[in-house]
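Worksheet: one structure, shown below.
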Amino acid sequence: MQNTDHNSTKTRILWAKAVDITLFALCFIHLILWIMRASYITGSYTGDWTTWVYHHLYTPMYYALYGLPIALGVSVINRKLSVDSFPFLSLKSLVITYILIFILR
């Protein structure tokens, strides 16, 4: 019985790590997309790819502004948030994104 509990706990930890890494990747990609949008808005040298990001990805990026913090909050419930973890990196990425959006307005 104890072996089953140990395996279950180990599986939960592996899934939590996978979710944390995935959320970090999504938050980082989200930040990169907002930087591309900012470079288009400010008029820096941009190619067709930033124009495409500006015109076609605004709606998913807007929904991600609300969805990613909620997903991060749900994934961190009942766990400690340490400075050297992927959820903390995700949180930093989201804060940088919100500061960038605040500056662009």
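The values are calculated or read from the model by the stated rules, or taken from the named source; none is laboratory data. The model shown is predicted, which means the values in this text are computed figures rather than measured ones. Reconstructed Cβ throughout: ideal geometry from the backbone, glycine too, with neighbour counts over all protein chains shown. All accessible areas refer to the heavy atoms of the entire protein, side chains included, with ligands and DNA or RNA removed. Shrake-Rupley method; radii C 1.70, N 1.55, O 1.52, S 1.80 Å.
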All alpha-carbon distances of segment 1-79, grouped into 10 Å bins from 0, give the whole-percent distribution 16, 34, 23, 15, 8, 4, 0
Here the relative contact order (percent) of the chain, from C-alpha pairs under 8 Å and at least 6 apart, is 38
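Quick check on the chain: helices-only [θ] at 222 nm, where DSSP H runs of length 4 and up contribute -39,500 (n - 2.57) each and the sum goes over total residues. Nearest 500, please.
-29000 deg cm²/dmol
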Between the residues 31, 14, 65, the Cα farthest towards the positive end of the dipole of the chain, that dipole coming from +1 and -1 charges on the beta-carbon of Lys, Arg, Asp and Glu, is from 14
One finds, for residue 10 and residue 80 with R0 = 22 angstrom and r their Cβ-Cβ distance, a FRET efficiency to the nearest 0.05 of 0.75
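Using the crude model of +1 on Lys and Arg Cβ and -1 on Asp and Glu Cβ, and no other charge, please compute the dipole size for the chain relative to its Cα centre, in debye to 20. Walk me through the numbers on the way to the answer.
Values: 8 positive and 4 negative charges, 43 e Å.
Roughly 200 debye for the chain.
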Taking a straight Cα-to-Cα line shorter than 21 Å from residue 92, and setting aside same-chain lysines fewer than 8 residues away, one finds 17, 80
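Within segment 41-103, what whole-number % of the accessible surface is contributed by carbon and sulfur, with the 1.4 Å probe and all protein chains included in the calculation?
Numbers: 3160 of 4510 Å².
Its accessible area is 70 percent carbon and sulfur atoms.
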The answer for the chain, accessible area per residue at 1.4 Å probe in Å², is 73
